[in-house]
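Asker: Sending over a structure as structure tokens; questions will come in a sec.
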Protein chains: 2
Amino acid sequence: MNPTIKDVAKKANVSIATVSRVLNNLTGYSDKTKQKVLRTIEEMGYQPNMIARGLINKRTRTIGVLFPNVSSSFSSALLHGIEEFAYNHNYSVVVCNTDEDGKRTLKCLQVLREKQVDGIVFASELLKDEYYKVLEAIQIPVVLVSSETNYPGVPYVKVDDRVAAYEATEYLIHKGHKRIAMIGGTKGDPIAGVPRVEGYMKALKDHGIPCMEEYIAYGDFGFASGCSAMEELLKRSLDFTAVFAASDEMAIGVLSVAARRGIRVPDELSVIGYDNVELAEMVVPPLTTVNQPLNEMGSNACEKLIDMIETGKISQNSIAQHHIVERQTVRALD
Amino acid sequence: MNPTIKDVAKKANVSIATVSRVLNNLTGYSDKTKQKVLRTIEEMGYQPNMIARGLINKRTRTIGVLFPNVSSSFSSALLHGIEEFAYNHNYSVVVCNTDEDGKRTLKCLQVLREKQVDGIVFASELLKDEYYKVLEAIQIPVVLVSSETNYPGVPYVKVDDRVAAYEATEYLIHKGHKRIAMIGGTKGDPIAGVPRVEGYMKALKDHGIPCMEEYIAYGDFGFASGCSAMEELLKRSLDFTAVFAASDEMAIGVLSVAARRGIRVPDELSVIGYDNVELAEMVVPPLTTVNQPLNEMGSNACEKLIDMIETGKISQNSIAQHHIVERQTVRALD
DNA sequence: CTGAAAGCGCTTACAG
DNA sequence: CTGAAAGCGCTTACAG
């Protein structure tokens, strides 16, 4: 059994109140007692029990993080940023994989509540009404990352997807492309789906390029769906010179299909992705894409959350800065 | 304030002992009381406080997981498996990123102890003496995954790296290759470095192929290091027809350099990787590699841990089954 | 400067 | 079937 405060009190011949005081760096003991207590603690290898402390303070110094899929490179980049900030501020993070399943999400929320986490970051998923209801009941701070919401009191940090998509498309246009296809994310997804397609359409319009439905195919952000969407696009024999994919994985799917079909990138087809996950630079040719600062976003979301926990004030939303990373999948048309 | 057991007891006109009993499905109350209590719980939206419960039971139903780098696709695949098993058995998992930093690892261990986790899985990192010492002091079950150790009482689950490397090399040999280069992982790494190189050497020897030092270059498992190692190998003008890389990322580095140099894969050079992380199939051409069942390994490690927590018995080590995934980077020599 | 005591939200003998 | 009480390991007024 690990020693408790009672054990060290007994051994040091003081009361547990005194041990507690030196433990918490409060005032009210002689330097002599302090030394004695400290020595005893050292000797016994005593470590305070945060569970007991948490029961009194109503603070556990742990936060919960919900991901639709912990193992995606997207999620794990966010997690890295979150964990880093939390660690530096003495918080622990418990992760939950929601599998994008409503029931499971609700269960996770319940568990986090029972475990008395101090706050929750909800990552890259839509904050549904039913989730919000329980969050409201739990009464603890929540922040969204790579997602957004209108619910009051729930700040978010994300990139401006519409603008980023606009710029990606415009980048292609500036390179001389006019026949630009797009592979959108999950159709109807209000966070990462719709806005990116809208940004693409607006860029086309603003540059006097007619936007045609048939130039758009949809995937679900994943690699396989990018492959199918590209096949689909090819089948329509549209003669496009560039494609903008709403995720790197889908863009890499495009690269893959292109290679299989003998379409040379970027000579015959230019490709730009979205996210800048790690594999974007590993692929051949290295993928030009729009960077989302996932790590900082995670870290920033965690910062907001801890701030809310500690001050009780609601944080502001943040728009993270994206930028285009030029690599080798886009060429200028002459 | 969330309602406590006291609140529901008062409202239901029973003692807290009775509420506790129905909460825990014990015996000793009439069906009428049960209904009344249940109804009150429902009405008040009461949820038990696991912190308080944990203080008594000395069980938190949470486990800690240490990773050298949470955001690697390798770690996140393990994490996914761990979280899944934990979730299904009503455990939560708190993640810690050690950054492969001794001080930080020790700090994480201390935090996990203070937070009274029921067990720890230590992932893909060497269990140093100093870590083992504190683990021993904490007195809670530990299991290693994708790592190994001789410390008594610390079971591990991993692939047999030596055999897997042997088979990867032999696969190349069976395809007619004789001049086979290797890119090893971190030099001297006793877990994923040395054994794979040894497996490679043994396969060569067993097939009567002389093994020469200069055919081996070393990286650190990462993409960039794979690129440099490949450049290094090329500089030695060895005229090899195949390369075995000790990680997929390094193998992809090889692909990348080959593409840049106009060396066609697999026509002029065959490549086989190790891990079978997600990007292995996204790359062009899709990478032939040896599969490590990361998800199952994580899940299995978690199973062992929970078993140790609940039975108090030490689990056995497990060797996870690897296999070669044939894709398109190896060709048969005629 | 120091300690006895109440209390955090629960569980669990013990007594009835 | 039910409740009063002790206790888990701490913190924090309160009294001295």
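Asker: Would you pick out the residues in the range A:297-312 that are buried (at least 18 other Cβ atoms within 10 Å of the Cβ) and not basic (Lys, Arg)?
Answerer: A:Met297, A:Gly298, A:Ser299, A:Asn300, A:Ala301, A:Cys302, A:Glu303, A:Leu305, A:Ile306, A:Asp307, A:Met308, A:Ile309
Asker: Could you please find all residues in the range B:78-121 being at the interface with chain A (Cβ under 9 Å from one of its Cβ atoms) and of a type in the set (Ser, Thr, Tyr)?
Answerer: B:Tyr87, B:Ser92
Asker: Let me ask something additional. Please find, among B:Ala246, B:Ala258, the residue that is in contact with a strand residue (DSSP E or B) (Cβ under 6 Å, 6 or more places away or on another chain) and either surrounded by 19 or more Cβ atoms within 10 Å (Cβ to Cβ) or more than 17 Å from B:Arg179 (Cβ to Cβ) (or both).
Answerer: Step by step, each of B:Ala246, B:Ala258 is checked, and only B:Ala246 is in contact with a strand residue (DSSP E or B) (Cβ under 6 Å, 6 or more places away or on another chain) and either surrounded by 19 or more Cβ atoms within 10 Å (Cβ to Cβ) or more than 17 Å from B:Arg179 (Cβ to Cβ) (or both).
Asker: Looking at the range A:177-211, which of its residues are basic (Lys, Arg) and touching a residue at least 12 places away in the same chain (Cβ under 8 Å)?
Answerer: Answer for the range A:177-211, where residues must be basic (Lys, Arg) and touching a residue at least 12 places away in the same chain (Cβ under 8 Å): A:Lys178, A:Arg179, A:Lys187, A:Arg196, A:Lys202.
Each row is one residue, and each column tells you yes or no for (1) surrounded by fewer than 23 Cβ atoms within 10 Å (Cβ to Cβ); (2) basic (Lys, Arg).
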| site | (1), (2) |
| --- | --- |
| B:Tyr87 | yes, no |
| B:Cys96 | no, no |
| B:Asp99 | yes, no |
| B:Arg104 | yes, yes |
| B:Lys115 | yes, yes |
| B:Ala123 | no, no |
| B:Tyr132 | yes, no |
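Asker: Do any residues in the range B:298-312 that are closer than 20 Å to B:Ser76 by Cα have Cβ atoms under 7 Å from those of residues that are part of a helix (DSSP H, G or I) and among the β-branched types (Val, Ile, Thr), where the two are at least six apart or on different chains, and which pairs are they?
Answerer: Pairs that qualify, where the first residue is closer than 20 Å to B:Ser76 by Cα and the partner is part of a helix (DSSP H, G or I) and among the β-branched types (Val, Ile, Thr), are B:Gly298/B:Ile82; B:Ser299/B:Ile82; B:Ala301/B:Ile82; B:Cys302/B:Ile82.
Asker: Report whether or not B:Val70 is of a type in the set (A, V, I, L, M, F, W, C), more than 9 Å from DNA strand D (Cβ to nearest atom), surrounded by 22 or more Cβ atoms within 10 Å (Cβ to Cβ) and in a loop (DSSP other than H, G, I, E, B).
Answerer: It is true that B:Val70 is of a type in the set (A, V, I, L, M, F, W, C), more than 9 Å from DNA strand D (Cβ to nearest atom), surrounded by 22 or more Cβ atoms within 10 Å (Cβ to Cβ) and in a loop (DSSP other than H, G, I, E, B).
Asker: Please work out which one of (1) in contact (Cβ under 8 Å) with a residue 60 or more places away in the chain; (2) part of a helix (DSSP H, G or I); (3) more than 14 Å from chain A (Cβ to nearest Cβ) is the condition B:Lys158 fails and give its number.
Answerer: Every condition holds for B:Lys158 apart from (2).
Asker: Scan the range B:257-270 and tell me whether some residue there is within 27 Å of the chain's Cα centre (by Cα) and not assigned by TED's automatic domain parsing to the domain that holds B:Val65.
Answerer: no
Asker: Scan the range B:224-236 and give yes if some residue there is in contact with an Asp or Glu (Cβ under 9 Å, 6 or more places away or on another chain) and of a type in the set (Asp, Glu), otherwise no.
Answerer: No.
Asker: Could you check the range A:169-184 and list, in sequence order, the residues that are out of contact with any strand residue (DSSP E or B) (no Cβ under 8 Å at 6 or more places or on another chain) and either under 17 Å from A:Glu148 (Cα atoms) or not in a helix (DSSP H, G or I) (or both)?
Answerer: Residues satisfying the conditions are A:Gly176, A:Lys178.
Asker: OK, next. Within the range A:9-33, can you find the residues that are crowded, with 16+ Cβ neighbours inside 10 Å, more than 12 Å from DNA strand C (Cβ to nearest atom) and more than 14 Å from chain B (Cβ to nearest Cβ)?
Answerer: Result: A:Lys11, single match.
Asker: Hey, another quick one. Would you say B:Ala251 is within 14 Å of chain A (Cβ to nearest Cβ) and closer than 19 Å to B:Ala168 by Cα?
Answerer: Criteria met by B:Ala251.
Asker: Moving to a separate point now. In the range A:140-147, is there at least one residue being within 9 Å of chain B (Cβ to nearest Cβ) and outside any loop (DSSP other than H, G, I, E, B)?
Answerer: no
Asker: Let me ask something else about it. Find the residue count for the range B:313-322, including only residues that are loosely packed, with under 15 Cβ neighbours inside 10 Å and either free of Cβ contacts under 8 Å to residues at least 12 places away in the same chain or under 20 Å from B:Met250 (Cβ atoms) (or both).
Answerer: 1
Asker: Also: Please specify each residue of the range A:54-65 satisfying the condition of being more than 9 Å from chain B (Cβ to nearest Cβ), surrounded by fewer than 24 Cβ atoms within 10 Å (Cβ to Cβ) and among the aliphatic types (A, V, I, L, M).
Answerer: Within the range A:54-65, A:Ile56 is the sole residue that qualifies.
Asker: From the list B:Glu125, B:Glu130, B:Glu83, which residue is assigned to a loop (DSSP other than H, G, I, E, B) and in the same structural domain as B:Thr149 (by TED's automatic domain parsing)?
Answerer: B:Glu125
The values are calculated or read from the model by the stated rules, or taken from the named source; none is laboratory data. Keep in mind it's a predicted model, so treat the numbers as computed, not measured. Ideal geometry is used to build each Cβ from the backbone, glycine not excepted, and the neighbour counts take in all protein chains shown.
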